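Take a look at the structure set out below.
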Amino acid sequence: MAAAAHDSLTRARVRTAWLFLAPMLLVLAIVALWPLARTLLLSLTDASLGNAGAARFVGFENYLVKEDGVWYGLLADPLWWLALRNTLTFAFVSVAAEVVLGTLIALILNARFRFRGMMRAAVLVPWAIPTVVSAKMWAWMLHDQFGIVNDLLLRLGLIGAPLAWLANADLALWSVIAVDVWKTTPFVALLVLAALQMLPEDCYEAARVDGIHPVKVFFFVTLPLIRPALIVAVIFRFLDAMRVFDLVYVMTGNADATLTLSVHARQILVDFQDAGSGSAASVLLFVVIALLSVLCLLAMRGEVLGRRQ
Amino acid sequence: MMALARAVAFRLLVAALLAYLLFPFYYAVITSMKGGSAIFSVDYWPSQIDFSNYARIFSEQPFALNMLNSVLVAFAVVALSLLLGLTAAFSLGRIRFRGRNALLFAVLAVSMFPQVAVLSGMFELVRAFGLYNSLLSLVFSYMIFTLPFTVWVLTSFMRELPHEIEEAAIMDGAGPWTLVVRIFLPLLWPAMVTTGLLAFIVAWNEFLFALTFILSNEQRTVPVAIALITGGSEFELPWGGIMAASVTVTLPLIVLVLVFQRRLVAGLTAGAVKG
Amino acid sequence: MKWMPRVIGAILVLFSALAMVRPAASEQVEIAISCGAVGVELQLCSDAVRAWEQASGHRVRIVSTPNSSTERLALYQQVLAAGASDIDVLQIDVIWPGILAPHLVDLAPHVGGAAEQHFPNLIENDRIGGKLLALPWWTDAGVLYYRRDLLEKHGLAAPATWQEMTEVARAVQGAERAAGHRDLWGFVFQGRAYEGLTCNILEWVDSHGGGSFVADDGKVTIDNAAARSALALAASWIGDIAPRGVLNYDEEAARGVFQSGNAVFMRNWPYAWALAQGADSPVRGKVGVLALPRGTGENGKTSGTLGGWHLAVSRYSRHPKEAASLVTFLTSPAQQKIRAIRGAYNPTIPALYEDAEVLAANPFFGQLFDSFQNAVARPSSVTGVHYNRVSSAIWRAGHEILSGNAAADARLAALAVELNRIGRRGRW
């Protein structure tokens, strides 16, 4: 009897759950389903941007096909693999740097000092400037001849001659990463700061009394406690970094040295008007991100998805 | 002596940090007061104080109207995503049912496609609903960016709240809607502010959709208005004007952050951390 | 007599009401045109459009589109692919008629003989598959800017060939650097991996007699000796007379170096002239403009890449006749003259280069007449919708050669293979 009552209660709860989910799912379905499904469908056709209607089904030819003993398609295109390598480098390096730097900034902001409120607002400024604008601004600051970065480094005697930050293939990707770090570190810093402020004071008191070195305290007490916050930050930063587009596009255009998967997909889709191949490139990017996300989520399963189940 | 040295070192660190974060913005401000050839010279201090670039962006196009449009769109996006996100987060965070994780992942998957791939399909949708050249098209299409994020963050916040909270209320016979509005909303308020601000910045800065779905100057939003600032000829980049516009656009966001910064930090604290 | 003003007022109201009603009775339509964004360009466009409204009784709405041509093209494609009638008259880049051909109206039946007054090469560019898809509005061509003062100071003559330019640049750069001007470079151009680099490469190759990548009959011609030596010469500039950063320069980045006095030569479009002569320009009064240098070899000639913007009518327009009439009006000699005088837009009508008022406003127009008339077109007509892919292959190859990552010989052979694949062996 009690079990039955519990069952019906559970059923009612589940009904409520779906009822409450319905508006969000409905809106998301309307907004996302058609555009995403369309991309998937187009990726299997030879559609051009101008006449998506008159497209012919070509199976997986946009992805990979062998004709007369030669492989064609995106997966046979060295440029795609170059873009994949650039994108992965960009995503891993920038997210890693943002986490380290963001934590450092958060630690500083967590200390008590005057103007802390102002400082916290200042931290957010890079993140609030429209990307298109800040990317162009950095491109100007990094200009090899009249950029302020070279000027500053020359004055300080750190470099002997102006560097071509965005033109030199060895420097360009790193320059773009540096700008991305500038732009999105605040996001990470804020999340970590919030985590730091939640930490119980007593741990620290105990540590101080015991005379443990602050660095040790950080690694053995603080870091494990702020781990969940870091993970949330990392997931969303990683998703964004893998899809990076406007920053790269504005700063270095379509140059090979910084070509990312999104820039590559856009070039095929918009510049070349090849809706079929461009959609395929987008789907491949989706697949890459999805695979990495699944791996990432599985690795941290306990902390992100089904905890307390 | 040691303490003094440490204090000085700390101040220096803070100053270095501030310089790193704010210098580009400072540079934008001084550039916005320059004109013509001056943009090609390196200056560390404002060489001239001249607000004509600011005057020009407001006189040459309906920039004030564009800002109003941006504000309207951003607030509508925030309100809608928070409402939808909150109810969804209640289900996903507080009720156990099958397929919950799959659903969460599906929601996340929506934000794994590059924006440019979604553009054409979204354009067709916007036209099909008759929203072309209307601000509603932006509110509608921005859901694809803000909903996944809002749902995820609010769900994780929701999950952290202890079970006892709702049990007492359920005993008192409170329905689910009452539960969400009366019990969870006040507790989640700081979290709402956080996610709301994030959604706001996304909507405020978005460019591609805003360019494609809106055709008349009076309906445009700010990032597109900035892209429409041109020089006297095809290739000339009116750098001073663009910087003036960017500074103008960033200021409201800074004010917003200053106003909400206490709540913002508190909001992030509530959910993402404990457990 | 108190009633007098009232009666007059009533009559005025009646008349103005009639005035408002009348055009509507004669089927007044509204045409939407995309031209410019803000600033001089928009002002000129809106003045011209008002004049047409007066003359025709129709109304015109101006749709502003972004200044960046890539963004503008993407927007057009989106709107046109949806068959939307929201823009009737499109301002299009000289290379777009081929790309947008399926969406444009044949203007030939609407414009009468108006096409004949323009430069023939421009009309050629706009004629695709026998249809006249656009009318030229203003034109552009790559030109060479140089520092007259520096050349005079070192007793050097203005160069006529690329080889001479290289030597002069090296000599001036060396002498000036020795004299303490450490930031000076010999030559800047557009070396970033984008459309502008294709324009620069076209000039180098064509001036050496190497053709324009793809011949008019569709044959891929890029892999030839003249092109190889042209690109080898260009590659030798990097790090020698051109800064390495030039590999990421667009028009404005190059102008920045030149206008702040740090370059002897610059390849750019005519727009830079007025700015270099601006009141606050450090090089004001020290600059000269030349046609681009000739290539060495017997087929050497001067060639500047053709640029500029044209007007076309969308196939989805509800009022193609009125739209075409607006296009004819805007591209007419009278309107182009106004634009040339007020905005220094280069006319597409040869007769205007002899017009005294136009020359008074733009003294260098006459000097560059040949550059405009003989400007070399990018292979956009023959490659049609494939043009952007072709151009991308070209600037990618060029960028690799300039960066020193590939030798001109091998890379051009590979480029030819690539272009043949894109163009299905010349069928396009």
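Values for this structure:
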quantity: Only listed residue being surrounded by fewer than 23 Cβ atoms within 10 Å (Cβ to Cβ) and closer than 28 Å to C:D370 by Cβ, chosen from C:Q163, C:Q190; calculated: C:Q163
quantity: Residue count for region B:238-253, restricted to those that are hydroxyl-bearing (S, T, Y), at the interface with chain A (Cβ under 9 Å from one of its Cβ atoms) and in contact with a Phe, Trp or Tyr (Cβ under 8 Å, 6 or more places away or on another chain); calculated: 1
quantity: A:R38 being among the basic types (K, R), part of a helix (DSSP H, G or I), at the interface with another protein chain (Cβ under 9 Å from one of its Cβ atoms) and more than 26 Å from the chain's Cα centre (by Cα); calculated: no
quantity: Single match in B:F25, B:F105 (criterion: of a type outside the set (G, A, S), without any contact (Cβ under 8 Å) to a residue 24 or more places away in the chain and under 29 Å from B:G196 (Cβ atoms)); calculated: B:F105
quantity: Answer residue from region B:140-165, given it is more than 11 Å from chain A (Cβ to nearest Cβ) and buried (at least 18 other Cβ atoms within 10 Å of the Cβ) and is nearest to A:A29 (Cα to Cα) among those; calculated: B:M158
quantity: Among residues of region B:85-106, those that are farther than 14 Å from B:F184 by Cα, facing chain A (nearest Cβ under 7 Å) and in a helix (DSSP H, G or I), counted; calculated: 2
quantity: Residues within region B:108-120 that are without any contact (Cβ under 8 Å) to a residue 12 or more places away in the chain and in a helix (DSSP H, G or I), tallied; calculated: 4
quantity: Selected residue (criterion: nearest to C:G384 (Cα to Cα)) from residues of region A:48-64 that are among the aliphatic types (A, V, I, L, M) and at pLDDT below 85; calculated: A:L49
quantity: Residue identified as within 25 Å of A:D274 (Cβ to Cβ) and not hydrophobic (A, V, I, L, M, F, W, C) among A:G117, A:G59, A:G102; calculated: A:G59
quantity: Residue in region A:144-155 that is buried (at least 21 other Cβ atoms within 10 Å of the Cβ), farther than 21 Å from B:L237 by Cα, modelled with pLDDT of 90 or more and within 14 Å of chain C (Cβ to nearest Cβ) present; calculated: yes
quantity: Residue among B:L4, B:L72, B:L12 that alone is away from chain A (no Cβ under 11 Å), modelled with pLDDT of 90 or more, surrounded by fewer than 19 Cβ atoms within 10 Å (Cβ to Cβ) and in a helix (DSSP H, G or I); calculated: B:L72
quantity: Scan of region C:392-409 for residues that are closer than 24 Å to C:S236 by Cβ, within 13 Å of chain A (Cβ to nearest Cβ) and buried (at least 20 other Cβ atoms within 10 Å of the Cβ), ordered by number; calculated: C:A393, C:I394, C:W395, C:R396, C:A397, C:G398, C:H399, C:E400, C:I401, C:L402, C:S403
quantity: Pick from region C:38-55, criterion more than 14 Å from chain B (Cβ to nearest Cβ) and touching a strand residue (DSSP E or B) at 6+ places or on another chain (Cβ under 9 Å), ranking: nearest to B:T212 (Cα to Cα); calculated: C:V49
quantity: Flag for C:L151 being outside the structural domain of C:P270 (by TED's automatic domain parsing) and either touching a residue at least 40 places away in the same chain (Cβ under 8 Å) or out of contact with any Phe, Trp or Tyr (no Cβ under 6 Å at 6 or more places or on another chain) (or both); calculated: no
quantity: Helices (runs of 4 or more DSSP H) completely within region B:156-217 that count 1 or more residues being closer than 24 Å to A:L21 by Cβ and assigned by TED's automatic domain parsing to the domain that holds B:L92; calculated: B:164-171, B:185-205
quantity: Within region C:101-131, considering residues that are touching a Pro at 6+ places or on another chain (Cβ under 9 Å) and in a strand (DSSP E or B), the one nearest to C:L306 (Cα to Cα); calculated: C:R127
quantity: Search result, residues across region A:4-23 that are facing another protein chain (nearest Cβ under 7 Å) and under 14 Å from B:G175 (Cα atoms); calculated: A:R13, A:V14, A:T16, A:A17, A:F20
quantity: Boolean, C:L326 is closer than 30 Å to C:A225 by Cβ and within 23 Å of the chain's Cα centre (by Cα); calculated: no
quantity: B:F123 free of Cβ contacts under 8 Å to residues at least 60 places away in the same chain, under 23 Å from the mean Cα position of the chain (by Cα) and assigned by TED's automatic domain parsing to the domain that holds B:W177; calculated: no
quantity: Every residue from region A:100-148 that is within 17 Å of the chain's Cα centre (by Cα) and without any contact (Cβ under 8 Å) to a residue 24 or more places away in the chain; calculated: A:V100, A:A128, A:P130
quantity: Test: residue in region A:263-282 that is in contact with a helix residue (DSSP H, G or I) (Cβ under 9 Å, 6 or more places away or on another chain), in contact (Cβ under 8 Å) with a residue 24 or more places away in the chain and within 24 Å of A:W127 (Cβ to Cβ); calculated: yes
quantity: Pair list, Cβ under 8 Å, 6 or more apart: region C:20-48 residue more than 20 Å from C:Y76 (Cα to Cα) and not assigned by TED's automatic domain parsing to the domain that holds C:L90, other residue aliphatic (A, V, I, L, M) and modelled with pLDDT of 90 or more; calculated: none
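Conditions tested, residue by residue: (1) more than 30 Å from B:N217 (Cβ to Cβ); (2) touching a helix residue (DSSP H, G or I) at 6+ places or on another chain (Cβ under 6 Å).
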site	(1), (2)
B:S111	yes, yes
B:E124	no, no
B:F157	yes, yes
B:P186	yes, no
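So that you can scan it fast, the table gives a plain yes or no per residue for (1) surrounded by 22 or more Cβ atoms within 10 Å (Cβ to Cβ); (2) under 25 Å from B:T155 (Cβ atoms):
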site: B:M112; (1), (2): no, yes
site: B:A117; (1), (2): yes, no
site: B:S120; (1), (2): yes, no
site: B:F129; (1), (2): no, no
site: B:L138; (1), (2): yes, no
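The values are calculated or read from the model by the stated rules, or taken from the named source; none is laboratory data. This one's a predicted model, so the numbers in the text were calculated from it and none came from an experiment. Please note: Cβ atoms are built from the backbone with ideal geometry, for glycine as well, and neighbour counts cover all protein chains shown.
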